[in-house]
Amino acid sequence: PEVFNANDIAALETLSHQIAVALEKNHLYDTIQQELAERRRAEKELKRRAQQQAVVAELGQRVLTGAEINTLLEEAVERVGEILAVDYCQIMELLPDVDQLVLRAGYGWESDAIGQTRVSADSKYQTGYTLLSSEPVIVEDIEAEARFEGSPLLAGRNVVSGMSVLIDGHDWPFGVLSAYTVRRREFTGDDINFLQSVANVLAQALERRRAEGSLERRAPDQ
């Protein structure tokens, strides 16, 4: 058998050391890259969160300055759609007398659909289910959803994921604020909190309008 001399053994030990150093450097490089990627992700998330908070504050200020309600609803879906980077954002207003919801404002929708497009308020659809549960609803894959089925309103638009929250009212809910994507997406807790915060601002605006209307009606008798 071949016998290694001292020089061969020394060379092997040197090579082994070099390999170990190289592997350690590669591991350190990978670790650094992972940490940098995580930091970039965290910074991106913080930036998006700050943008969401800014939108809520902006809409709140618009309420205080007496923005016209239709304009406010349109601004809300536009800003939510942009910040969340979704394909559709919509406000469906409940019409209690006919048990339907009408598209009151929409991002990603054709302009002629606003005020004309209706869907049943039945709880077998996401909007109706949101009205009934009064809780935020998140759907990752509408085809796999067991609580309700996809709305006919979205069936032809290839919607896959979405979330919806209640816009409350004085005597009954005003409607539902929703956001949807055509690709599968996992919405975060911050996303649904943002959507609910916007809905709360809109509810305050609607209540303010109702109160002002009540004061106007009482004014002649005072």
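The values are calculated or read from the model by the stated rules, or taken from the named source; none is laboratory data. Just so we're clear, the structure is a prediction, and the values are computed from it rather than from any experiment. As a convention, Cβ positions derive from the backbone with ideal geometry for all residues, glycine included, and neighbour counts pool all protein chains shown. Please note that ligands, DNA and RNA were not included when accessible areas were found on the heavy atoms of the full protein model with its side chains. Shrake-Rupley method; radii C 1.70, N 1.55, O 1.52, S 1.80 Å.
The per residue volume of the convex hull around the alpha-carbon atoms of segment 48-140 is 123 Å³. Computed with a 1.4 Å probe over protein heavy atoms only, the accessible area of HIS27 comes to about 130 Å². I need the shape label for segment 111-172. Rule: rounded when a/c is under 1.5, else prolate if a/b > b/c, else oblate, with a, b, c from the alpha carbon gyration tensor. Oblate shape, in that a/c is at least 1.5 and b/c is the bigger or equal ratio. The calculated FRET efficiency for ARG118 paired with ILE69, based on their beta-carbon distance and R0 = 25 Å, is about 0.80. A Cβ-based charge dipole, computed about the Cα centre of segment 1-126 with Lys and Arg at +1 and Asp and Glu at -1, lands at about 340 debye.
Can you tell me what percent of all Cα-Cα pairs in segment 71-113 are more than 13 Å apart? More than 13 Å apart: 53 percent of the Cα pairs in segment 71-113. Using a simple spin-label model with pseudo-atoms 7 Å out from Cα toward Cβ, GLU145 and ALA42 lie 3.4 nm apart. Once the C-beta distance of ARG184 and LEU23 is scaled by a Förster radius of 25 Å, the resulting FRET efficiency is 0.10 to the nearest 0.05. Given segment 125-211, report the % of alpha carbon pairs whose separation exceeds 17 Å. The share of Cα pairs beyond 17 Å in segment 125-211 comes to 48 percent.
Solvent exposure of the chain, expressed per residue, is 61 Å² of accessible area, with all protein chains present and a 1.4 angstrom probe. All distinct Cα pairs of segment 19-99 go into the 1/r average, and the inverse of that average, the Kirkwood radius, is 16.6 Å. Using only C-alpha positions, report the orientation-averaged shadow area of the convex hull of the chain, nm², one decimal. Answer in nm², one decimal: 20.5.
The mean sequence separation of alpha-carbon pairs under 8 Å and at least six residues apart, normalised by the residue count of the chain, gives a relative contact order of 16 percent.
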